[in-house]
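I am attaching a structure below and will ask some questions about it afterwards.
The values are calculated or read from the model by the stated rules, or taken from the named source; none is laboratory data. What you see is a predicted model; the values in this text were computed from it and never measured. Cβ sites come from the backbone with ideal geometry, for glycine too, and all protein chains shown count toward neighbours. Note: areas computed on protein heavy atoms with side chains; ligands, DNA, RNA excluded. Shrake-Rupley method; radii C 1.70, N 1.55, O 1.52, S 1.80 Å.
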Amino acid sequence: MTINPAAPAICARAVRKSFGEHIVLDGVDLTVAEGTIFSLLGPNGAGKTTMVRILSTLIAADAGDIRVGGHDVAADPGAVRALIGVTGQFSAVDNLLTGEENLRLMADLHHLGREAGRRRIAELLERFDLTGAARKLLPAYSGGMRRRLDLAMTLVGNPAVIFLDEPTTGLDPRSRRTMWQIIRELASDGVTIFLTTQYLEEADELADRVAVLDHGRIVAEGTPAELKRRIPGGHIQLQFAEPDALQAAAGMIPNASPDDDQLVLQIPGDGSVASLRRVLDELDDAHIDVEHLSVHSPDLDDVFFAVTGHAATEATAPQEQEALQR
Amino acid sequence: MTSFAYTFADSATMLRRNIKHQLRYPSLTLMLAGLPIVFLLLFVYVFGGQLGTGLAGHGTGGRGAYLTYVVPGILIVTVASAALGTAISVASDMTGGIIDRFRTMAISRAAVLTGHVIGSLLQTLAVLVLVVGVSLAIGFRPDASALNWLAAVGVLALFAFALIWLSAALGLAAKSVETASNTPMFLTLLPFLSSGFVPTATMPAGLRQFAEYEPFTPVTQTLRGLLTGGSIGTHAIVAILWSVGIALASYLWAVRLYNRRRAASPN
Ligand SMILES: Nc1ncnc2c1ncn2[C@@H]1O[C@H](COP(=O)(O)OP(=O)(O)O)[C@@H](O)[C@H]1O
Ligand SMILES: [Mg+2]
């Protein structure tokens, strides 16, 4: 079964899903072009996992038209399953087997055959740096190794569309970098990737397009650059020793907002070296001394504030409480 | 490959997975074998002398006669006890993460359950061999022909198949592995309320009717007839009907639970 070349890899229209009274997805529209990385960005409880579960045929939507590779997930889940690979938010490995046996299980279920299966397993173990741990049982694996095995298992069948639900949550910075590298390589092989994340930085690093999910709706969509342009959260912060210096600097730099009590000047910007240099050069030419400089890069909170007018953490609070009460 | 060939191949893959689990963690299998063996030794050596004397028409009485009488009962305890393992392994699979992976793959829906059920059936047969071995070692002397043995294995396997599907359904219905290991416990109790350990005629009215009509009695009586002589009469056909009925009802229930579970699980 193949992707219909005319159709986008993923196309979802007016997707709704509630659990009892609780509306989790309230009319979500998404389109993901073939061979691109799409990131669904949202805080905990926004409905990201629910969306992934619907797209990957695990649960049914209450309403909506959902196609993956041109196939309707409700009418023809088998055709969708033949195309996709899913690495869920929570580890989906067999804990009673070794890493190699887990991959073997996937190879058998994809009917790869003995020889082709063996080659594919060896190749994936090598690529995910798991060759040394191949014969070890899963309890001996670290969090990062487990995540890599999880993804390797997803790749055994060479899926055309991959769902990754928070692939780096809980990983240390080094494992996160490794995971990013792997995801980029997959995309360059032409695989379509649907990725969820709570980190703006991650979406920015990886995604061709980003959609922000809040209260069951997409509140913003675009390329990472488009999205960041809408966020005023990124700024440079300059600390001065004298009120005079602060006033002088504030007068020179457009859009700067001074805080007279703290003797701090905030300058909107992305924190790039070029913009920093420009600001510092200007101040230097005017003989204005800066005590201290810091760069604030926009994060999920800034995105949320910019597109919804409320903070990400506030958005989840009532939902989280409901989740706890159940 | 045809879709039937895929179903077969996927079920075989799942079966290999379950057998690997059993071999790697043999403690569950040993635990399942332990219960009937403890009952065998307890009933033969502690109660057997007294109970054997009370048996009418079973040889010369005493411990030896009771051993001959009780082995079929112990064999169905074995089957019931081994079925507990199915509920535990099914429930731990369903509460683990890998089941969601299976559900997003283009594999036969039935394969996961089939793998568990066939795996448990093989495990049960292995445990039965162990229990029969211990019985022979302590002096059990059946006078069965090879054909009788074959028939006895058939009856036991069919009954085991039924209880395993029932236990698989109970494992699917359970919210946790804990519950799954408790709910099928009643299965290990039913052999005691049958002709497995004492003749039903010695029981008070009410209990006697229950014992005569519950499925474990015809299975025990059929085994007894096949292994150590005695009339089988209608017991064989009743045993087979019970087995087929339980297997069919439990299978339908299990498949329904398996398909419905996908809507309910959070995350
Ligand atoms: N099976 C379920 N039953 C009831 N509520 C659920 C279920 N699955 C998810 N939810 C609720 O839906 C909301 C969104 O959950 P989820 O999709 O997991 O969010 P995210 O992945 O963005 O953190 C949460 O409030 C969660 O409690
Ligand atoms: Mg989630």
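Given the conditions (1) within 14 Å of another protein chain (Cβ to nearest Cβ); (2) open to solvent by less than 50 Å² (accessible area, probe 1.4 Å), which single one is not true for B:Arg109?
(2)
If I go through the range A:83-94 residue by residue, how many of them are facing chain B (nearest Cβ under 7 Å) and in contact with a strand residue (DSSP E or B) (Cβ under 9 Å, 6 or more places away or on another chain)?
Of the residues in the range A:83-94, 6 are facing chain B (nearest Cβ under 7 Å) and in contact with a strand residue (DSSP E or B) (Cβ under 9 Å, 6 or more places away or on another chain).
For the range B:89-98, which residues satisfy the criterion of being assigned to a helix (DSSP H, G or I) and either facing chain A (nearest Cβ under 7 Å) or surrounded by fewer than 20 Cβ atoms within 10 Å (Cβ to Cβ) (or both)?
Those that are assigned to a helix (DSSP H, G or I) and either facing chain A (nearest Cβ under 7 Å) or surrounded by fewer than 20 Cβ atoms within 10 Å (Cβ to Cβ) (or both): B:Ser92, B:Thr95, B:Ile98.
Among the residues of the range A:19-52, what is the count of those that are open to solvent by 40 Å² or more (accessible area, probe 1.4 Å), within 13 Å of ligand 1 (Cβ to nearest atom) and without any contact (Cβ under 8 Å) to a residue 60 or more places away in the chain?
Residues that pass the stated criteria total 3.
What helices (runs of 4 or more DSSP H) lie completely within the range B:170-267 and have 3 or more residues being of a type in the set (Val, Ile, Thr) and over 27 Å from A:Gly20 (Cα atoms)? Reasoning before the result, please.
Values: elements: B:177-182, B:186-189, B:207-213, B:216-228, B:235-264.
Counting at least 3 such residues, we get B:216-228, B:235-264.
Also, I was wondering about something else. Is it true that B:Thr86 is touching a Pro at 6+ places or on another chain (Cβ under 9 Å), open to solvent by less than 50 Å² (accessible area, probe 1.4 Å), assigned to a helix (DSSP H, G or I) and closer than 26 Å to A:Leu138 by Cα? Steps first, answer last, please.
Numbers: touching a Pro at 6+ places or on another chain (Cβ under 9 Å): yes; open to solvent by less than 50 Å² (accessible area, probe 1.4 Å): yes; assigned to a helix (DSSP H, G or I): yes; closer than 26 Å to A:Leu138 by Cα: yes.
Answer is yes for this residue.
Right, another one. Tell me which of these A:Ala116 doesn't satisfy, since it passes every other one: (1) at the interface with chain B (Cβ under 8 Å from one of its Cβ atoms); (2) part of a helix (DSSP H, G or I).
Of everything listed in (1) at the interface with chain B (Cβ under 8 Å from one of its Cβ atoms); (2) part of a helix (DSSP H, G or I), A:Ala116 misses just condition (1).
Could you check the range B:1-71 for helices (runs of 4 or more DSSP H) lying wholly inside it with 1 or more residues that are away from every other protein chain (no Cβ under 14 Å) and out of contact with any Pro (no Cβ under 9 Å at 6 or more places or on another chain)? Spell out the reasoning first.
Working: elements: B:3-24, B:27-41, B:48-54.
The helices (runs of 4 or more DSSP H) meeting that bar are B:27-41, B:48-54.
Anything in the range A:32-69 that is of a type in the set (Ser, Thr, Tyr) and either within 16 Å of ligand 2 (Cβ to nearest atom) or in contact with an Asp or Glu (Cβ under 9 Å, 6 or more places away or on another chain) (or both)? List them, or say none.
A:Thr36, A:Ser39, A:Thr49, A:Thr50, A:Ser56
I'd like the full set of residues that are surrounded by 13 or more Cβ atoms within 10 Å (Cβ to Cβ), among the polar types (S, T, N, Q) and touching a residue at least 60 places away in the same chain (Cβ under 8 Å), limited to the range B:136-195.
B:Asn148, B:Ser167, B:Thr179, B:Ser181, B:Thr183, B:Thr188, B:Ser194, B:Ser195
Residues of the range A:79-114 being within 16 Å of A:Ala9 (Cα to Cα) and open to solvent by less than 40 Å² (accessible area, probe 1.4 Å), which ones?
Selection gives A:Ala79, A:Val80, A:Arg81, A:Leu83, A:Ile84, A:Gly85, A:Val86.
Starting from the range A:159-178, take each residue that is open to solvent by less than 40 Å² (accessible area, probe 1.4 Å) and list its partners that are within 16 Å of ligand 1 (Cβ to nearest atom) and among the acidic types (Asp, Glu), counting only C-beta distances under 7 angstrom and pairs at least six apart or across chains.
Listed pairs, sorted by first residue: A:Thr168/A:Glu202.
Based on this model, can you work out whether B:Leu40 counts as buried (at least 23 other Cβ atoms within 10 Å of the Cβ) and not small (Gly, Ala, Ser)? So that I can check it myself, show each step before the final result.
Values: buried (at least 23 other Cβ atoms within 10 Å of the Cβ): yes; not small (Gly, Ala, Ser): yes.
Yes; evaluated as a whole, the condition is true for this residue.
Yes or no: A:Thr50 in a loop (DSSP other than H, G, I, E, B) and facing chain B (nearest Cβ under 10 Å)?
No; evaluated as a whole, the condition is false for this residue.
Residues that are within 16 Å of ligand 2 (Cβ to nearest atom), at least 1 per element: which helices (runs of 4 or more DSSP H) completely within the range A:140-224 meet that?
Qualifying helices (runs of 4 or more DSSP H): A:143-155, A:200-206.
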